[in-house]
1. Given the conditions (1) out of contact with any Pro (no Cβ under 6 Å at 6 or more places or on another chain); (2) within 10 Å of ligand 1 (Cβ to nearest atom); (3) in contact (Cβ under 8 Å) with a residue 24 or more places away in the chain; (4) farther than 15 Å from residue 41 by Cα, and given that residue 339 satisfies all but one, which numbered condition is not satisfied?
2. Test of understanding: among 172, 153, 188, 161, which residue is in contact with a Leu (Cβ under 9 Å, 6 or more places away or on another chain), within 15 Å of ligand 2 (Cβ to nearest atom) and modelled with pLDDT of 95 or more?
3. Suppose we filter segment 1-34 for residues that are assigned to a strand (DSSP E or B), surrounded by 14 or more Cβ atoms within 10 Å (Cβ to Cβ) and among the hydroxyl-bearing types (Ser, Thr, Tyr); how many remain?
4. Among all residue pairs at least 6 apart or on different chains, which show Cβ distances below 8 Å where the first residue, located in segment 210-221, is assigned by TED's automatic domain parsing to the domain that holds residue 189 and assigned to a helix (DSSP H, G or I) and the second is hydrophobic (A, V, I, L, M, F, W, C) and near ligand 1 (Cβ under 8 Å from one of its atoms)?
5. Do the conditions hold for residue 204, that is, is it away from ligand 1 (no atom under 13 Å from the Cβ) and touching a Ser or Thr at 6+ places or on another chain (Cβ under 9 Å)?
Amino acid sequence: MSKPRAYSVKAYSATDAKSPLAQTTIQRREPTDRDVQIEILFCGVCHSDLHFARNEWHFTQYPAVPGHEIVGRVTKVGAAVTKFKPGDLAGVGCLVDADLSCPQCKKGFEQFSPTMVGTYGGTDKHLGAPTLGGYSEAIVVDEHFVLRIPQNLNLAAVAPLLCAGITTYSPLRHWKVGPGKKVGIVGLGGLGHMGVKFARAFGAHVVVLTTSESKKADALRLGAHEVIVSTHAAEMAKHAGTFDFILDCVSAEHDVNAYLGLLAVDGNLTLVGLPEKPLLIAPFALVMGRKSLSGSLIGGIAETQEMLDFCGQHGITCDIELIRMDQINEAYDRLLKSDVKYRFVIDLSSLKSS
Ligand code: NAP
Ligand code: ZN
């Protein structure tokens with residue numbers, strides 16, 4: 001495969017784990033036969049972007065361009081592309097490549113393929129360079145990994161569905177959350193608020209577990225039936241042993257055993273949060289009641305499309321705060337204070353005009 005030509009676009013990058021993100025210029029490949037070139041209009045700010053920019057997962061290569069909640073407009077397509085044409089709306093989430101022939105890809109689990117390439121932090125096989133994310137003017141992606149966007153939704157509020165949406169939709173579907181189930185959502189941030197919306201839409205009894213007393217009213221407005229302030233021991237004790245399923249969306253170190261204690265016999269707690277440090281598990285918290293602890297990573301491409309279509313049919317979007325590109329460092333500071341309502345989304349027109 002010969003190397004395609006590259007062209008320059010503006011972006012925001014981190015140059016090391018400590019410095020603030022700043023404007024730069026990056027290279028994108030000219031679209032190859034299977035590629036879709038997208039002018040990025042909005043990009044959500046996932047807490048994973050912050051973990052990655054600051055090398056909290058210990059695999060960041062610098063300069064690093066975060067951003068994997070991308071929506072925009074198609075500007076060019078390769079000769080073999082059939083799903084998209086210039087002018088279409090399009091979305092890109094956390095995945096941009098995989099072999100598509102291994103057992104995981106064949107099952108629709110591209111996220112578990114050994115050849116999976118992340119939107120950032122992977123290697124672009126065409127350019128042989130690190131993949132760079134959506135804090136940029138444009139991106140070029142194989143059409144298999146490009147999603148169709150429902151026409152009836154606010155585009156900026158759709159962007160976070162590409163990660164926060166699918167990351168909560170997928171485990172809630174896998175664990176068959178629905179009528180008659182009591183479901184806990186831990187951490188009312190970007191992921192958590194979408195977990196609440198989906199669990200409610202699937203017909204479950206939804207309980208938010210938050211450390212922020214100030215988010216109580218919002219939790220109810222977003223669809224929760226009940227709210228527990230997790231720092232209040234008495235409130236936690238009232239619910240001991242009663243949950244069928246708990247989705248842990250916490251971005252920082254926390255005591256997961258306290259939440260395991262809320263599960264009923266045979267209940268499951270699924271982790272989607274990816275804090276920097278390992279969690280300590282008390283075996284007694286699991287064996288008493290045959291409880292299980294599992295994890296989940298985003299979702300495959302077909303399920304991401306299913307989630308977007310579901311959102312289109314049910315009018316579901318994210319609650320967002322629109323920011324300019326040059327407000328990204330301030331947004332990261334606020335994420336660390338749990339001060340997010342409930343997803344920052346970057347308006348990329350602010351980068352074009354900078
Ligand atoms: P976020 O918007 O910053 O929300 C995180 C929430 O966690 C906070 O708003 C806060 O909610 C709660 N929290 C923070 N510190 C806490 C603490 N010490 N103890 C208890 N709760 C605490 O983050 P996000 O974008 O939703 O991402 C959440 C996590 O999921 C991150 O680690 C991210 O990397 C990970 N993630 C994983 C996947 C996957 O595929 N598995 C995909 C995307 C993101 P309250 O104020 O309600 O307590
Ligand atoms: Zn994410």
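1. (3)
2. Numbers: 172 fails: within 15 Å of ligand 2 (Cβ to nearest atom); 153 fails: within 15 Å of ligand 2 (Cβ to nearest atom); 188 fails: within 15 Å of ligand 2 (Cβ to nearest atom).
Going through 172, 153, 188, 161 in turn, just one is in contact with a Leu (Cβ under 9 Å, 6 or more places away or on another chain), within 15 Å of ligand 2 (Cβ to nearest atom) and modelled with pLDDT of 95 or more: 161.
3. Summing the residues that are assigned to a strand (DSSP E or B), surrounded by 14 or more Cβ atoms within 10 Å (Cβ to Cβ) and among the hydroxyl-bearing types (Ser, Thr, Tyr) in segment 1-34 gives 3.
4. Listed pairs, sorted by first residue: 215/188; 215/208; 218/188; 219/188; 219/208.
5. Values: away from ligand 1 (no atom under 13 Å from the Cβ): yes; touching a Ser or Thr at 6+ places or on another chain (Cβ under 9 Å): no.
So residue 204 fails the test.
Yes/no per residue for (1) at pLDDT below 95; (2) away from ligand 2 (no atom under 16 Å from the Cβ); (3) assigned to a loop (DSSP other than H, G, I, E, B):
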| residue | (1), (2), (3) |
| --- | --- |
| 36 | no, yes, no |
| 40 | no, no, no |
| 43 | no, no, no |
| 51 | no, no, no |
| 58 | no, yes, yes |
| 61 | no, yes, yes |
| 67 | no, no, yes |
| 72 | no, yes, no |
| 75 | no, yes, no |
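Yes/no matrix, rows are residues, columns are (1) of a type in the set (Val, Ile, Thr); (2) at negative phi; (3) without any contact (Cβ under 8 Å) to a residue 60 or more places away in the chain:
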{"site": "79", "(1), (2), (3)": "no, yes, yes"}
{"site": "84", "(1), (2), (3)": "no, yes, no"}
{"site": "95", "(1), (2), (3)": "no, yes, no"}
{"site": "100", "(1), (2), (3)": "no, no, yes"}
{"site": "103", "(1), (2), (3)": "no, yes, yes"}
{"site": "106", "(1), (2), (3)": "no, yes, yes"}
{"site": "111", "(1), (2), (3)": "no, yes, no"}
{"site": "115", "(1), (2), (3)": "yes, yes, yes"}
{"site": "121", "(1), (2), (3)": "no, no, no"}
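Yes/no matrix, rows are residues, columns are (1) in the same structural domain as residue 187 (by TED's automatic domain parsing); (2) surrounded by fewer than 20 Cβ atoms within 10 Å (Cβ to Cβ):
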{"position": "232", "(1), (2)": "yes, yes"}
{"position": "266", "(1), (2)": "yes, yes"}
{"position": "273", "(1), (2)": "yes, no"}
{"position": "309", "(1), (2)": "no, yes"}
{"position": "323", "(1), (2)": "no, yes"}
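The values are calculated or read from the model by the stated rules, or taken from the named source; none is laboratory data. It should be emphasised that the depicted structure is a prediction, and the values quoted were computed from it without experimental measurement. We place every Cβ from the backbone using ideal geometry, glycine too, and count neighbours over all the protein chains shown.
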